[in-house]
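Here is the structure we will look at, set down as structure tokens.
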Amino acid sequence: MLRPTAGYSLLGSSLHELVDRHIELLEPAMIDTDRLTMTMGQLDCWNDRFMLLDRLLSERIAAGPSASPGVIRAVLAVRHGGGRRSVAELAAESRQSPRHLERLFKEQVGVSPKTYAQITRFRHALRLIGTGLSHADAAARAGFHDQAHLHRDFKSMTGRTPRQFMEFTRAEDFR
């Protein structure tokens with residue numbers, strides 16, 4: 001799984017500018033497609049092909065710009081805090097103003113720290129619901145104010161209620 005700042009390193013540009021745009025990863029500027037096609041054709045199994053892709057993407061990410069230490073700390077703090085940390089807390093810990101952190105976060109992650117925290121809580125709630133926990137209990141454990149808050153976020157992020165979403169997908173996919 002790619003870290004949240006990998007897109008910034010991979011693409012070498014501000015991620016918030018790419019919202020709602022289609023990016024072709026196999027463009028010549030991104031990956032040598034001739035080399036990739038030839039090499040993949042020589043491999044016998046899918047596992048080796050995926051390992052090759054992993055290696056090529058890792059090389060490309062390593063060659064790209066690095067995310068700022070403050071953004072990396074903020075991403076980790078959001079994740080470790082279960083999406084419950086405020087932007088002010090994250091900014092103080094990363095020794096930046098909230099506005100500066102938000103600008104860097106959008107550039108290097110693609111969304112604001114608040115949206116990233118919302119996504120983090122949402123993913124946690126999905127995993128909890130996937131284990132059979134009630135929506136109310138999942139909402140409480142994932143840091144939502146109440147079940148209605150969880151349902152609003154579900155609807156805004158997926159266009160479906162939690163029940164509709166779980167019927168549409170398999171709950172096991174989120175464990």
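For this structure, a couple of remarks:
- Against the rule of thumb 2.2 N^0.38 Å, how large the Cα Rg of the chain comes out: 1.21
- Taking Pro98, Pro113, Pro69 as the candidate residues, the one with maximal mean-square fluctuation in a Gaussian network model of the chain, Cα springs under 10 Å, is Pro69.
- Electrostatic dipole magnitude of segment 67-175 [Cβ: Lys, Arg +1; Asp, Glu -1; Cα centre; debye, to 20]: 140
- Average accessible surface area per residue within segment 40-92, 1.4 Å rolling probe, Å²: 61
- Calculated [222 nm] ellipticity per residue, helices only, for the chain: -19000 deg cm²/dmol; basis is -39500 (n - 2.57) per DSSP H run with n ≥ 4, divided by all residues, nearest 500.
- Comparing Phe154, Phe165, Phe144 in a Gaussian network model of the chain (Cα springs below 10 Å), the most mobile by mean-square fluctuation is Phe165.
- Around Ile61: net Lys/Arg minus Asp/Glu count, Cβ-Cβ under 12 Å: +1
- Listed residues Arg121, Arg141 arranged by accessible area, highest first, probe 1.4 Å: Arg141, Arg121
- With DNA, RNA and ligands ignored, accessible area of Arg79 (1.4 Å probe; Å², nearest 10): 120
- Shape analysis of segment 34-118 yields a ratio of the Cα radius of gyration to the Kirkwood radius, Rg/Rh, of 1.21.
- On Cα atoms only, tilt of 46-63 relative to the major axis of the chain in degrees: 90
The values are calculated or read from the model by the stated rules, or taken from the named source; none is laboratory data. Just so you know, these numbers come straight off a predicted model, no measurement behind them. Positions of Cβ are backbone-derived with ideal geometry, glycine not excepted, and every protein chain shown enters the neighbour counts. Surface areas here come from the heavy atoms of the whole protein model, side chains and all, with no ligands, DNA or RNA. Shrake-Rupley method; radii C 1.70, N 1.55, O 1.52, S 1.80 Å.
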